[in-house]
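Reviewing the structure listed below.
Computed from the coordinates by the stated procedures, all read-outs in this text should not be read as laboratory data. The shown structure was predicted, so the numbers you read here are calculated from the model rather than taken from an experiment. Positions of Cβ are generated from backbone atoms using ideal geometry, with glycine treated the same way; all protein chains shown enter the neighbour counts.
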Amino acid sequence: MLELSKRALKVKPSATLELTAKVAALRSQGVEVIKFNVGEPDFATPRNICEACKRSLDAGHTKYTPIPGIQELRAAICEKLFRDDGVRYEPDEISYGTGAKQPLFNTIFTLVDSGDEVIIPTPCWVSYVEMLTLADGEPVLVPCLGDGSFYLDIGAIERAITPKTKALILNNPNNPTGAVYPRGDLLALAELAEKHGFYIISDEVYEKLIYGGKQHICMASVSEGMRQRCILVNGFSKAYSMTGWRAGYVAAPKEIIRRINGIQGHTTSNATTMVQDACIEALRGPQDDLAAMVREFERRRDFIVRRLNELGLKCRKPEGAFYVMPRVDHLFSRTFNGKKLNDSAGVAAFLLDQAYVAVVPGSAFYAPEYLRISYSTSMENIARGMDQIEKALKALQP
């Protein structure tokens with residue numbers, strides 16, 4: 001084979017997608033695996049959204065659209081941002097793309113030059129670092145584990161700022177920790193960004209999945225100065241169970257959006273046309289299914305946190321998203337059939353092999369003492385999975 005690009009060779013495969021492939025291989029062999037690794041809601045897309053897509057197809061909406069999306073969709077996104085977050089945007093400050101991932105990718109390629117530093121509080125989503133690697137940027141990882149609350153370490157973030165700092169990537173609510181950041185932390189970040197002159201890329205795709213009376217605060221809303229420095233990324237996958245539809249957007253000042261559109265124009269052009277009509281319905285239509293989904297996620301969260309703590313896996317109760325992060329480093333010295341569990345990857349492999357439960361090692365998210373467990377599966381599966389984990393843990397030797 002001829003030599004491949006250094007850019008392609010230095011990108012690591014997604015740990016979550018790699019695990020999904022392993023689970024699929026086991027299931028194809030007839031092994032029933034409980035999937036606690038999946039980062040998508042297990043609910044059907046609401047019927048009104050599906051019907052809107054069908055109407056779009058029947059109306060012949062199958063041609064190209066403007067690169068950033070149709071005007072009506074961008075107007076609906078602006079309505080949502082003002083209604084839910086109190087921030088005013090115009091349609092030409094919105095770019096719609098294929099999932100939230102593409103607008104995020106476009107944003108990084110718009111802002112980051114070779115050698116620019118981007119601060120990422122960890123634990124963090126697996127793709128942030130690899131996107132920066134593709135852009136030839138320098139990820140600066142700042143651990144924010146604290147006492148297990150996973151809140152931001154503002155002091156550590158400030159110490160990480162240098163003259164090369166171009167941006168900070170914030171994920172609120174956070175994947176994998178489920179942390180929802182309080183206004184005080186967001187104001188502190190805004191002050192740092194304005195003082196040192198860097199952007200904040202705020203990934204808020206889990207904003208609707210909030211529990212226990214917590215409130216999501218949009219980063220762009222905390223100050224007028226932040227409105228100009230914030231690149232807001234969001235999407236439809238998590239709130240409306242539309243993961244396969246691939247629908248997301250970015251909101252930012254006009255000049256940034258213009259450059260983002262330029263990049264998208266030479267990659268995918270517009271995102272799928274009839275899905276845009278479905279997204280208008282998602283934003284403007286009934287929200288009953290979303291409310292019911294949040295209630296069910298909260299019920300599952302409470303159950304799985306209780307069971308994990310009963311098993312001796314210390315686990316805080318997350319405030320958002322649909323993940324829990326139990327601490328497992330006390331298992332690293334344990335053995336099974338003479339084989340030592342050395343790290344979180346070893347614990348995850350043990351649970352897959354012995355409990356037929358798929359979880360993601362925390363090392364994938366720069367949290368090596370933890371596992372990430374998704375509760376985006378049925379209560380029946382969660383209960384059965386916890387029972388199987390309990391049985392497997394009892395088989396470990398000191």
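List of remarks:
- Within region 346-383, considering residues that are of a type in the set (Gly, Ala, Ser) and farther than 22 Å from Gly146 by Cα, the one surrounded by the most Cβ atoms within 10 Å (Cβ to Cβ): Ala348
- Restricting region 87-116 to residues that are assigned to a helix (DSSP H, G or I) and farther than 17 Å from Gly248 by Cβ, the residue that is nearest to the chain's Cα centre (by Cα): Leu111
- Residue in region 176-186 that is over 16 Å from the mean Cα position of the chain (by Cα) and under 17 Å from Pro123 (Cβ atoms) present: yes
- Among the residues making up region 1-31, those that are assigned to a helix (DSSP H, G or I), over 21 Å from the mean Cα position of the chain (by Cα) and small (Gly, Ala, Ser) are Ala8, Ala24, Ala25, Ser28.
- Residue under evaluation Glu191, criteria (1) of a type in the set (Asp, Glu); (2) touching a Leu at 6+ places or on another chain (Cβ under 7 Å); (3) surrounded by fewer than 17 Cβ atoms within 10 Å (Cβ to Cβ), criterion not met: (2)
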